[in-house]
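A short write-up of the structure that comes next.
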Amino acid sequence: MSAQRLFRLTGALALVSAIAGIAGSTTTAAWASPSAPLCSAKHVSGSSSVSSRPGGTTVRLVLTNRYFPSCRWSSAFGYQFLAANGAPIGPPRSHSIAAATTNLYDTFQVVVSVTTMEGVLCKQQAATSIRLITPDGGQAATPLKQTVGVCIGGTTQWTTVSAPAFPGPARCTSASIRVTVGAANGAAGTIYYPLRFTNVGRVACAVSGIPSVQPTTGAQENVARVNVGPPARRLDMSSSGYGNPIRLAPGQRASAAFGVGETGNYPPSACVPRKAQSLDIGLAGVGGWWLALKTSVCTKRASTSISGVVPMGSGPYPT
């Protein structure tokens, strides 16, 4: 391993620890895992819709991944209709996809359509929910919005299951995102500020990547500003899950850790510190924002850093 790669890895581990203090308690082992775990019932929640058509009924099951940074969707997932008393109706059915597994990032969704067939050659039973069966044996039932007749006998096949789709929401716009700063946390000579990206729009949207951050003069947004020192160093955290797309429902937030190194850590001639009053922040494909934040930064070298956006908090994330 090269010295440069070793340095980046050491810095990445230090920043993971710092972000854990900013965003709340976090399962660090999951962030650093070389491969995402298989999605299970505890990672996924569901909602359903029912639509009728000539000859049958289609149940559209929308499954939302709540696991960060990602989990692996396997073709071994199955589905089973349930009666009102929770009893299974007929055998479970599974789907197949082209790839053995597909990574689901953050809170993106899976859509599966399960179609029941009705007709004179069908013996029916009423279903009130549909159960997801995960490869690890986990099970999670999703209520149906209306009772569905399921074939359990006769010569008509009782259900068909489509291959799942993996849709994601459109990318957020600058108008749909408000950027604020949270309480600072110190770590090994660096102060970390969580830059929080809140979806203030009316529909879900996605953010991803590593922001650009430039310290500037000017305590007000509508006045001319001058850059103070170099822009923040952008830390590539993709190997630990950072920078992956994040689905933000209205009101939800993502966060990126902005690190400000103490200028006293550098020789005065190599730093030449100066006060900054604000930040110009950009996110590729989304837009730019101004944020008031008083800091002291080096002007001869980059003494600030910025990580990729991550979901706020840890564990299961609300949709």
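Of the conditions (1) at pLDDT 85 or above; (2) in contact with a Pro (Cβ under 7 Å, 6 or more places away or on another chain); (3) within 21 Å of Ile177 (Cβ to Cβ); (4) hydroxyl-bearing (Ser, Thr, Tyr), Tyr317 satisfies every one except a single condition; which number is it? Tyr317 satisfies every listed condition except (1). Any residue at all in the stretch 199-206 that's part of a loop (DSSP other than H, G, I, E, B) and either of a type in the set (Ser, Thr, Tyr) or touching a residue at least 60 places away in the same chain (Cβ under 8 Å) (or both)? There is no residue in the stretch 199-206 that is part of a loop (DSSP other than H, G, I, E, B) and either of a type in the set (Ser, Thr, Tyr) or touching a residue at least 60 places away in the same chain (Cβ under 8 Å) (or both). Restricting attention to the stretch 34-61, the residues that are surrounded by fewer than 17 Cβ atoms within 10 Å (Cβ to Cβ) and touching a Gly at 6+ places or on another chain (Cβ under 7 Å) add up to 2. Counting only residues that are loosely packed, with under 15 Cβ neighbours inside 10 Å and in a helix (DSSP H, G or I), the stretch 262-287 holds 5 of them.
Annotation: Leu195 fulfils all but one of (1) in contact (Cβ under 8 Å) with a residue 60 or more places away in the chain; (2) part of a loop (DSSP other than H, G, I, E, B); the unmet one is (2). Suppose the filter is part of a strand (DSSP E or B), farther than 24 Å from Asn65 by Cα and of a type in the set (S, T, N, Q); does Thr180 pass it? Yes. Being over 14 Å from the mean Cα position of the chain (by Cα) and either buried (at least 16 other Cβ atoms within 10 Å of the Cβ) or modelled with pLDDT of 90 or more (or both) is the requirement here; does Ser255 meet it? So Ser255 does not fit the description; no.
Scanning the stretch 120-170 for residues that are over 30 Å from Asn65 (Cβ atoms), at pLDDT 80 or above and surrounded by fewer than 15 Cβ atoms within 10 Å (Cβ to Cβ) gives a single hit, Ala126.
Which members of the stretch 26-68 meet the condition of being farther than 21 Å from Ile152 by Cα and modelled with pLDDT under 70? Hits for the stretch 26-68 are Thr26, Thr27, Thr28, Ala29, Ala30, Trp31, Ala32, Ser33, Pro34, Ser35. Summed over the stretch 183-192, residues that are within 20 Å of Trp289 (Cα to Cα) and in a loop (DSSP other than H, G, I, E, B) total 2. Between Arg196, Arg202, Arg225, the distinction of being charged (D, E, K, R), assigned by TED's automatic domain parsing to the domain that holds Trp290, crowded, with 18+ Cβ neighbours inside 10 Å and within 26 Å of the chain's Cα centre (by Cα) belongs to Arg196 only.
Once the stretch 290-314 is narrowed to residues that are β-branched (Val, Ile, Thr) and at pLDDT 85 or above, the residue that is surrounded by the fewest Cβ atoms within 10 Å (Cβ to Cβ) is Thr299.
The values are calculated or read from the model by the stated rules, or taken from the named source; none is laboratory data. No experiment lies behind these values; they were computed from the predicted model shown. Positions of Cβ are generated from backbone atoms using ideal geometry, with glycine treated the same way; all protein chains shown enter the neighbour counts.
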